[in-house]
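The values are calculated or read from the model by the stated rules, or taken from the named source; none is laboratory data. What you are looking at is a predicted structure, and each value in this text was computed from that prediction instead of being measured. Methodologically, a virtual Cβ is constructed for each residue, glycine included, from the backbone with ideal geometry; neighbour enumeration extends over all protein chains shown.
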Number of protein chains: 2
Amino acid sequence: MNRPSLYTSLSPALLHLYNVRDCVVVVIDILRATSTIATALYNGAKSIIPVDSVEKCMRLGRDMECITAGERDGKIAEGLQYGNSSFDYPRNFIEGKILVLTTTNGTKLLHMAVAKGATEIVTGSFLNFSAVCNHLIKEKKNVILACAGWKDKVNIEDTLFAGAVVSRIKEHFEINCDASQMANCLYNNAKDDLYEFMKKNDASHYHRLTNFGLEKDIRHCLTEDLANVLPYYVDERLVV
Amino acid sequence: MNRPSLYTSLSPALLHLYNVRDCVVVVIDILRATSTIATALYNGAKSIIPVDSVEKCMRLGRDMECITAGERDGKIAEGLQYGNSSFDYPRNFIEGKILVLTTTNGTKLLHMAVAKGATEIVTGSFLNFSAVCNHLIKEKKNVILACAGWKDKVNIEDTLFAGAVVSRIKEHFEINCDASQMANCLYNNAKDDLYEFMKKNDASHYHRLTNFGLEKDIRHCLTEDLANVLPYYVDERLVV
C-alpha cells in the first residue's frame, strides 16, 4: 500500500526544504493566530482575511467595513481594533462578520506557503484538532505540518501540535522525517498536561504571554476541539 | 548572578537567527563528521583541515601531502582516499598526520559559522562529550549549539547531542530557547539507549547508514567519551 508522506517544518525558515505543491499544508500558530481563526469561524464569522501588514489590515478595514485585528510582538497592533485572543470573538460579536487579521508569525507563514505554490492550505490548532486530523486522513494527500514558531525560531507549542497530529494520524502516512518523530516524542511527554509541560520547560512563549497576563488564553489554546471546524484558504480568505 | 546564554540552532538554515560573535559555537555532526574529527585528533592526528568541496580536498592533498577524506551522501566521495568513519583512523595510521576532510553537512556548517563571524569554534560529539561540556562551563561565555542536520533538515542525533549538553550544563547558563528545551526533553527520553531510540523513532540517518551496513559506526558514535579531546578551530584547521 502506498501511503502519502507527512513532513513537519519546525520553522518558516525551513519551509523551503519541502515541496508544498500538491499537498495539504497545515499552518500552525497555536499562540495564537490559528487558535483565534478557529474560534472566530466556529462562532460564525463569515470569513477571515489574513494579511501580512498592519497597514493593509487598516486599509481593508476601511474599504470593506470589516473588523480589523492583529498583534505585533504579542500585543494589539497600533491602529487595529482587536487583538489576537479567542476571547475577543464570541458569537454575539463575530457572527456574520468579516475579520481582517495580521499577526507576527502565523499570517506571514500562510502567505509564504501561498508564495511557494501551496494550493491547499488549512489552519490547525488544538481547538480544531480533530477536524484537521480527520481531514488529513480523508484526503489521502501528502501533508506538510508547517509551524509558525516565533520570528523563525522553533517553539514548543507549535511543535507539540505537530506532534499531536503525528501521534493521531501516523498509521495513515509514510513518515521519513526526523522533525515529525521528534515532535511526536515531545507530545507524548507532554500530553498529560500541555500547560504544565510548557511551564516546566520554560517555553519562551509561556513567559511572553504570561507577562501580558494571558495564562487563561494559553490554557484555552491548549484545549482540544473547543472550536472544531476546518478553516481552509480560498480566494485569499479563510472560510469553513 | 549573570549567567551566560545558551541557544541551540537545530539546522544550518536557522543559524542566522543567532549572534555567533563573541560566543563559543559548538559544531555538531554526530553521524559522522564531528565524531571522526574527535577520533582522529584523539589518535594523534596533527591537525584536520575541514574544506567545503571535494576538489579543494584533492588539491590540498596533492599540495601538502596529507590524507584526503570525506563523504557525499554518506559514501566516500570519488577522488578521495578515505571515508567518514572513526574506524578509518586508528592511531597506527593517523598519528602525526594531517587530515583534509570534507563532508555533506558538518564541514559546511563550520565554514558557515566562520563566514558569519564566529571567532571561537569547537566541534562536539558524544565521543568527546565531557571535554566539550567542561570547556563550556569553564569558559563562561555565551554558547550556541549548532546542529548540522541533513541538508538543512533537522535530525534526531544532532538534536540528541545538543540535549545531552543542555542536560549536563544547564545550571551554568541562562536558557531562554525552546529548541534547547526540546532537545533536552528528547535526550531525557533517549538517554537510556540512544541507539534503540533512533531505531524506534525511525531516524532517517539510522536508515541511511544502516543501508550502508554501518550499524557498528552508529553505535560507536553514540558512545560517550571514547575520544575525549577538545577540537578547536584556529588558522583554518582543527587542533587539540
In segment B:66-82, residue modelled with the lowest pLDDT [restricted to those that are within 12 Å of B:Ile48 (Cβ to Cβ) and in contact with a Cys (Cβ under 7 Å, 6 or more places away or on another chain)]: B:Gly70
A:Thr107, sole failed condition from (1) under 19 Å from A:Leu60 (Cα atoms); (2) over 17 Å from the mean Cα position of the chain (by Cα); (3) not in a loop (DSSP other than H, G, I, E, B): (2)
Cross-chain or 6+ apart pairs with Cβ under 9 Å, segment A:148-162 first and within 16 Å of A:Ala113 (Cα to Cα), then assigned to a helix (DSSP H, G or I) and of a type in the set (Ser, Thr, Tyr): A:Ala148/A:Thr34; A:Ala148/A:Thr107; A:Gly149/A:Thr159
Test: residue in segment B:208-218 that is under 30 Å from A:Asn201 (Cα atoms) and out of contact with any Lys or Arg (no Cβ under 9 Å at 6 or more places or on another chain): no
Residue, nearest to the other protein chains (Cβ to nearest Cβ), within segment B:140-196, restricted to residues that are farther than 28 Å from B:Asp22 by Cβ and of a type in the set (Phe, Trp, Tyr): B:Trp150
Qualifying residue in segment A:83-96 (condition: surrounded by 17 or more Cβ atoms within 10 Å (Cβ to Cβ), on the phi < 0 side of the Ramachandran plot, modelled with pLDDT of 95 or more and small (Gly, Ala, Ser)): no
Positions within segment A:81-100 being of a type outside the set (Gly, Ala, Ser) and touching a helix residue (DSSP H, G or I) at 6+ places or on another chain (Cβ under 6 Å), in sequence order: A:Tyr82, A:Asn84, A:Tyr89, A:Ile94, A:Leu99, A:Val100
Residues located in segment A:21-30, provided they are out of contact with any Leu (no Cβ under 6 Å at 6 or more places or on another chain) and buried (at least 24 other Cβ atoms within 10 Å of the Cβ): A:Val25, A:Ile28, A:Asp29, A:Ile30
Test set (1) touching a helix residue (DSSP H, G or I) at 6+ places or on another chain (Cβ under 7 Å); (2) at pLDDT below 95 - B:Val27 fails condition number: (2)
Conditions (1) without any contact (Cβ under 8 Å) to a residue 24 or more places away in the chain; (2) more than 16 Å from A:Gln181 (Cα to Cα): number failed by B:Lys199: (2)
Filter pass, A:Ile121 being modelled with pLDDT of 95 or more, within 14 Å of another protein chain (Cβ to nearest Cβ) and assigned to a strand (DSSP E or B): no
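Where in segment B:1-51 are the strands (runs of 3 or more DSSP E), entirely inside, with at least 3 residues that are more than 12 Å from every other protein chain (Cβ to nearest Cβ) and farther than 21 Å from B:Ala203 by Cβ?
Per the criteria, B:23-28, B:47-50.
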